[in-house]
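Asks: One structure is given below, represented as structure tokens, and several questions about it will come after.
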Amino acid sequence: MELTNAYLDSNLISLYVQPIVLVLMYTQVLRFRNIYLLIGVRGQTNQMTKRLLVLVTMYSLVFCLGLIVPYLFTGFPLFRNGSPILGTAIILLHVGVLLFLAWLLVGAYNSKHPYFLLFIVLILEVTYHYYFEKQILIKYSPLYDPLYRAVHHIYGGY
């Protein structure tokens with residue numbers, strides 16, 4: 001099993017673990033929403049927003065490193081079925097989308113409807129995984145195409 005299969009093609013990470021991490025980040029942002037008026041009176045709203053952006057960026061990077069670094073010590077090849085450059089670019093794009101979605105969650109600090117923002121972020125995350133990431137993975141390697149797997153009698157998901 002290669003890194004792109006374990007990290008990107010796996011529905012476990014994109015559909016279960018990553019939304020849970022986004023919800024945990026969201027709860028951290030909402031905890032600071034309780035003191036929004038106290039911060040606003042002191043004129044520190046922009047400072048607080050910057051700190052929240054740094055906080056969710058750190059959470060996102062720790063999450064991504066926590067998934068990728070242990071895989072490096074398993075001995076499996078990182079990019080066996082496709083170009084390492086394209087595989088790395090796809091993983092970096094995935095991390096970039098996670099960061100973007102986490103930064104969108106910081107908008108709940110100033111939002112009138114913060115729960116609607118969480119709903120939008122979760123819908124964007126699932127849409128990206130199913131519609132964009134799956135198409136990019138097919139360009140990385142035809143083994144990710146279900147039709148290719150069916151024609152060549154490759155069963156079991158990979």
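The values are calculated or read from the model by the stated rules, or taken from the named source; none is laboratory data. Keep in mind that this is a model prediction, so the values were computed, not measured. Heads up, the Cβs are rebuilt from the backbone with ideal geometry, glycines too, and the neighbour counts pull from every protein chain shown. Surface accessibility is based on the protein's heavy atoms, side chains included, excluding ligands, DNA and RNA. Shrake-Rupley method; radii C 1.70, N 1.55, O 1.52, S 1.80 Å.
Asks: Please go through segment 119-130 and pick out each residue that is open to solvent by less than 60 Å² (accessible area, probe 1.4 Å) and among the hydroxyl-bearing types (Ser, Thr, Tyr).
Replies: Within segment 119-130, Thr127, Tyr128 meet the criteria.
Asks: Being open to solvent by 20 Å² or more (accessible area, probe 1.4 Å), among the aromatic types (Phe, Trp, Tyr) and assigned to a helix (DSSP H, G or I) is the filter here, so list the residues in segment 73-118 that pass it.
Replies: Answer for segment 73-118, where residues must be open to solvent by 20 Å² or more (accessible area, probe 1.4 Å), among the aromatic types (Phe, Trp, Tyr) and assigned to a helix (DSSP H, G or I): Phe100, Trp103, Tyr115, Phe116.
Asks: Condition check: under 24 Å from Pro142 (Cβ atoms) and not acidic (Asp, Glu). Does Leu12 satisfy that?
Replies: Yes.
Asks: Here is a follow-up. Please go through segment 55-66 and pick out each residue that is closer than 18 Å to Val23 by Cα and either open to solvent by 70 Å² or more (accessible area, probe 1.4 Å) or aliphatic (A, V, I, L, M) (or both).
Replies: Answer for segment 55-66, where residues must be closer than 18 Å to Val23 by Cα and either open to solvent by 70 Å² or more (accessible area, probe 1.4 Å) or aliphatic (A, V, I, L, M) (or both): Leu55, Val56, Met58, Tyr59, Leu61, Val62.
Asks: Restricting attention to segment 101-147, which residues are among the small types (Gly, Ala, Ser) and farther than 21 Å from Tyr16 by Cα?
Replies: Within segment 101-147, Gly107, Ala108, Ser111, Ser141 qualify.
Asks: In this structure, does Tyr7 turn out to be aromatic (Phe, Trp, Tyr), more than 25 Å from Phe119 (Cβ to Cβ) and either at pLDDT 85 or above or not in a loop (DSSP other than H, G, I, E, B) (or both)?
Replies: Answer is yes for this residue.
Asks: I need a count of the residues in segment 22-50 that are within 25 Å of the chain's Cα centre (by Cα) and among the aromatic types (Phe, Trp, Tyr).
Replies: Looking only at that region, the number is 2.
Asks: Can you tell me how many residues in segment 11-21 are within 19 Å of Leu117 (Cα to Cα) and either in contact with a helix residue (DSSP H, G or I) (Cβ under 6 Å, 6 or more places away or on another chain) or open to solvent by 80 Å² or more (accessible area, probe 1.4 Å) (or both)?
Replies: Qualifying residue count, segment 11-21: 5.
Asks: Counting only residues that are touching a residue at least 40 places away in the same chain (Cβ under 8 Å) and out of contact with any Ser or Thr (no Cβ under 8 Å at 6 or more places or on another chain), which one in segment 22-32 is most open to solvent (accessible area, probe 1.4 Å)?
Replies: Phe32
Asks: Among the listed residues Ile13, Ile39, which satisfies the condition of being part of a helix (DSSP H, G or I) and either under 30 Å from Pro146 (Cβ atoms) or touching a Lys or Arg at 6+ places or on another chain (Cβ under 7 Å) (or both)?
Replies: Going through Ile13, Ile39 in turn, the sole match is Ile13.
Asks: Take the residues in segment 33-54 that are in contact with a Phe, Trp or Tyr (Cβ under 9 Å, 6 or more places away or on another chain) and closer than 19 Å to Val121 by Cα, then tell me which one is least open to solvent (accessible area, probe 1.4 Å).
Replies: Leu52
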